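Throughout, read-outs are computed from the coordinates displayed, never taken from laboratory work. None of these values were measured; they are calculated from a predicted model. Counting neighbours? That spans all protein chains shown, and the Cβs are built from the backbone with ideal geometry, glycine included.
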Amino acid sequence: MKVIVNGKTMELADSMNLQDLVSVWKVSSEAVVAELNEQVVKKSLWTKTVLSEGDHLELVSLVGGG
Amino acid sequence: MEDRFIIGDKELKSRFLLGTGKFESKEIMQQAIAQSGTEAVTVALRRIDLEETEENILSFIPKGITLMVNTSGARNAKEAIRIARIAREAGYGNWVKVEVINDSRYLLPDNDETIKATEALASEGFVVLPYMHPDLYAAKALVRAGAAAVMPLGSLIGSNQGLKMRTLIEVLIEEIEEVPVIVDAGIGRPSHAAEAMEIGADAVLVNTAVAMAEDPVLMAVAFARGVEAGRMAYLARIGPERATASASSPLTGFLYD
């Protein structure tokens, strides 16, 4: 299925959950915030959140700024 | 009478606010925060790099420091509102610096979109600190919209030019009584920060001038002292400028006839 992650369209296995997806990359989940279809998904729900075709996912974190 | 600095729901013991961008390392940023005594810092929200793991900036910001997540990257009110909501839902607090900028050459804020974002976010319970171009009517609109402070630019972000907007900032300080006026952007030296405080600003926000100094930790301390000095001078009531001299000792009793 196609999921848009951080603006890029990606081809993912069907019924993948958010935790699995994040684990694919070297992402330290401690600092990362996941926003799925404009809703923030709490970390405790990542394993239960299954992705669907056409989902928009943003993985963001705090960085230095003025 | 105590000189207290209150924004929204918090009292801050320091009138020096520090940005966390552009530091050479997170360790240096951490020391600058700690040594300067700042109690509020700005941070930004960005998409992560999926290939690289970044250190968590929060582990370098002491507990007890108030986070102000800025909405940098937002080109309009809608985008600014979204960033603020993500930050709050992620647990980063309800203080937001609204920053709505449409050009990368001057990084000047869009006052109209800033007012719209402020109104929406204030009604959702955020403590909103809008970064703005010092227009008196925009400042009044921001106050009506529920801003917890107004943050007029001193000069262009990162330019170190100081208080190029001094006259208009003085107007805001004089006319905006309901909320603190915090000079943000373009402050390049501790003397600029002291100047802002001497003319009656409630606080200043500095980033580039500290982060890009050869010794950022020392510079952060210098700025904190400049802000304190400027505030004390303001409270002590600075004397007027004169066109002619005024002798320091009597012009009589000289040791000659």
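Values as computed for the structure displayed
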quantity	calculated
Average projection area in nm² (convex hull over Cα atoms of the protein assembly as shown, one quarter of hull surface)	21.0 nm²
Estimated FRET transfer efficiency when R0 is 41 angstrom, pair residue B:79-residue B:238 (beta carbons, to 0.05)	0.45
Relative contact order of chain B, defined on C-alpha pairs under 8 angstrom at six or more residues apart (%)	18 percent
Share antiparallel - DSSP beta bridges, the protein assembly as shown, percent rounded to 5	50 percent
Tail weight of P(r) past 21 Å, computed on alpha-carbon pairs of segment B:1-111, percent	44 percent
Sites residue A:56 and residue B:167 - FRET efficiency at Förster radius 56 Å, r taken between beta-carbons, to 0.05	0.75
Whole-number percent relative contact order across chain A, with pairs defined as alpha carbons under 8 Å at least 6 apart	45 percent
Ellipsoid equivalent to chain B - semi-axes via the Cα gyration tensor, in Å	35, 22, 16
Segment B:158-198: relative contact order in percent, alpha carbon pairs under 8 Å with at least 6 residues between	58 percent
Coarse-grained scattering of segment B:74-219 at q = 0.09, 0.16 Å⁻¹, given as base-10 log I(q)/I(0) from a Debye sum over alpha-carbon atoms	-0.26, -0.83
Virtual spin-label span in nm between residue A:26 and residue B:65, 7 Å along Cα→Cβ	2.6 nm
Protection proxy ranking of B:206-216, B:112-122 - average other beta-carbon atoms within 10 Å, highest first	B:112-122, B:206-216
Two-site label geometry, residue B:124 and residue B:178: point separation in nm, points 7 Å out along Cα→Cβ	2.1 nm
Set of segment B:43-69 residues, backbone N closer than 17 Å to the point 7 Å along the Cα-Cβ line of residue A:8	B:46-54
Inter-part distance where segment B:140-178 and segment A:40-66 are each reduced to a Cα centre, Å	36 Å
Shielding by partners, peptide B:47-59 (average Cβ within 10 angstrom, other chains)	6
Pairs beyond 18 Å (Cα-Cα), from B:26/B:97; A:8/B:22; B:140/B:164; B:97/B:164; B:10/B:63	B:26/B:97; A:8/B:22; B:140/B:164; B:97/B:164
Inter-chain Cβ neighbour average for residues A:55-61, partner chain, 10 Å	4
Whole-number D in µm² s⁻¹ for segment B:99-163, Kirkwood Cα-pair radius fed into Stokes-Einstein, 10 °C, 1.306 mPa s	133 µm²/s
Alpha carbon centroid spacing (whole Å) that separates segment B:37-78 from segment A:2-26	24 Å
Helix B:77-89 axis, angle to chain B major axis (alpha carbon atoms, nearest 10°)	80 degrees
Two-decimal log10 I(q)/I(0) for segment B:71-126, as the Debye equation yields it once each C-alpha is a single scatterer, q = 0.25, 0.27 Å⁻¹	-0.91, -1.02
Spin-label zone in segment B:200-237 - amide nitrogen under 16 Å from a point set 7 Å from the Cα of residue B:24 along the C-beta vector	B:208-221
Distance histogram in 10 Å bins (all Cα pairs of chain A, percent per bin)	21, 59, 17, 3, 0
Derived scalar couplings ³J(HN,Hα) [segment A:6-17; Karplus, 6.51 cos²θ - 1.76 cosθ + 1.60; whole Hz; x for Gly, Pro]	6, x, 10, 6, 10, 9, 10, 5, 5, 6, 8, 9
Inter-chain shielding of B:38-45 (mean C-beta neighbours from other protein chains, 10 Å cut-off)	3
For chain B, calculated [θ]222 nm from helices alone, where every DSSP H run of n ≥ 4 adds -39500 (n - 2.57)	-11000 deg cm²/dmol
